[in-house]
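Undergrad: Can you read through this structure? Questions will come right after.
The values are calculated or read from the model by the stated rules, or taken from the named source; none is laboratory data. Note that the coordinates shown come from a computational prediction; the quantities given were computed from them, not determined experimentally. Quick reminder, even Gly has a Cβ in these numbers, built from the backbone with ideal geometry, and neighbours come from all protein chains shown. We work out accessible area using only protein heavy atoms, side chains counted, and drop any ligands, DNA or RNA first. Shrake-Rupley method; radii C 1.70, N 1.55, O 1.52, S 1.80 Å.
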Amino acid sequence: ATITADRDTAEKGLAALRQQDPEFDPQAFVERTRTVVQKVNETWLAGDMGPARRVISDGVYVRFSTQLGLLKADGLRNAMADWRIISAEILAAEADPLWDTIHVKIACAAHDADVPLNLSPKDAEKKVRSVKREEYHEVWSFVRRRGKHTKKGVPGLEGRCPSCGADMPLSEIVKCEYCQALVNSGEHDWVLAEITQPEEWRAGATQDEIAGLGELRERDPAVSRQELEDRASVVFWKWIEARNTGKPDKLARFCVN
């Protein structure tokens, strides 16, 4: 399935975003997205999401890490050949009182297959190239705390804290030792919060009314739908992991006796 960007919807959302962040540049954001897609794909194929963790939410990190673990448990790894990004374009920009969200349609192509872990690199590439090279589409959704301003480049992938600018050598560590900022929280810079298949994505989904959310916000105005959804994603994938491995210890800390 493919999605065609609604230019009017996209432009209205981007105009509203620029009122809050006058330096926001849609084309620069698209290029930034390409950089993030490249890094996420690179770490996925390496079997270690750590180097991309600073630009993806905890939910996305756990989702990919769990999927990699499940593949490994089956004696497999994912491999690609001739992977490339064909196009990237902003589909929509949305906002609620706490967060800005930007949805970007990504089109990529690759030879793609799961191969045995013990297969040599040469034999793995041969197997992957025997699979037809196909194009695929996804919608990558990024969030950032409302009222924050554009930063040059992608600080989290450039070894800099997006909050204070201090050096942060690339690793899985997401907390700045100088200002204590959680760099993948979306509080200081854009983070990838969701990847959606085209047939499941629709504009305005982040604005849908959710039963009980309004009442919850009356009691706690700081409640964030995005944070709740991200946490739910973490719990879901820990549940999947527990079911497949028979080891519930990593799920237990999210449970109440």
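Undergrad: Test of understanding: among Ala232, Ala222, Ala211, Ala242, which residue is assigned to a helix (DSSP H, G or I), among the small types (Gly, Ala, Ser) and loosely packed, with under 13 Cβ neighbours inside 10 Å?
TA: Selected residue: Ala232, the only one of Ala232, Ala222, Ala211, Ala242 that is assigned to a helix (DSSP H, G or I), among the small types (Gly, Ala, Ser) and loosely packed, with under 13 Cβ neighbours inside 10 Å.
Undergrad: Search the stretch 20-42 for residues being of a type in the set (S, T, N, Q) and over 26 Å from Leu228 (Cβ atoms), and hand back the single one that is most open to solvent (accessible area, probe 1.4 Å).
TA: Gln27
Undergrad: Which one of these does Arg54 not meet: (1) under 20 Å from Trp99 (Cβ atoms); (2) open to solvent by 20 Å² or more (accessible area, probe 1.4 Å); (3) touching a helix residue (DSSP H, G or I) at 6+ places or on another chain (Cβ under 8 Å)?
TA: Answer for Arg54: the failing condition is (2).
Undergrad: Same structure, new question: Take Leu192 and tell me if it is part of a strand (DSSP E or B) and hydrophobic (A, V, I, L, M, F, W, C).
TA: It is true that Leu192 is part of a strand (DSSP E or B) and hydrophobic (A, V, I, L, M, F, W, C).
Undergrad: While we're here: What's the number of the only condition in (1) closer than 21 Å to Val154 by Cβ; (2) open to solvent by 50 Å² or more (accessible area, probe 1.4 Å) that Asp82 fails to meet?
TA: (1)
Undergrad: Taking Ala181, is it touching a Lys or Arg at 6+ places or on another chain (Cβ under 9 Å) and either open to solvent by 100 Å² or more (accessible area, probe 1.4 Å) or among the hydrophobic types (A, V, I, L, M, F, W, C) (or both)?
TA: The answer is yes for Ala181.
Undergrad: For residues in the stretch 177-194 being closer than 25 Å to Arg225 by Cα and among the hydrophobic types (A, V, I, L, M, F, W, C), which is farthest from the chain's Cα centre (by Cα)?
TA: Ala181
Undergrad: Can I ask one more? List every residue pair whose Cβ atoms lie under 6 Å apart, where the two residues are 6 or more positions apart in sequence or sit on different chains, the first residue falls within the stretch 157-176 and is over 14 Å from Val191 (Cβ atoms), and the second residue, located anywhere, is assigned to a loop (DSSP other than H, G, I, E, B) and open to solvent by 40 Å² or more (accessible area, probe 1.4 Å).
TA: So the pair list comes out as Gly159/Pro169; Gly159/Leu170; Cys164/Tyr178; Cys164/Cys179; Ala166/Tyr178.
Undergrad: Looking at Lys152, Lys127, Lys132, can you tell me which residue is at pLDDT 95 or above and surrounded by fewer than 14 Cβ atoms within 10 Å (Cβ to Cβ)?
TA: Within the list Lys152, Lys127, Lys132, the selection yields Lys132.
Undergrad: Please find, within the stretch 224-257, the residue that is nearest to Val55 (Cα to Cα) out of those that are without any contact (Cβ under 8 Å) to a residue 60 or more places away in the chain and either touching a Lys or Arg at 6+ places or on another chain (Cβ under 7 Å) or aliphatic (A, V, I, L, M) (or both).
TA: Residue satisfying both the conditions and the ranking: Leu228.
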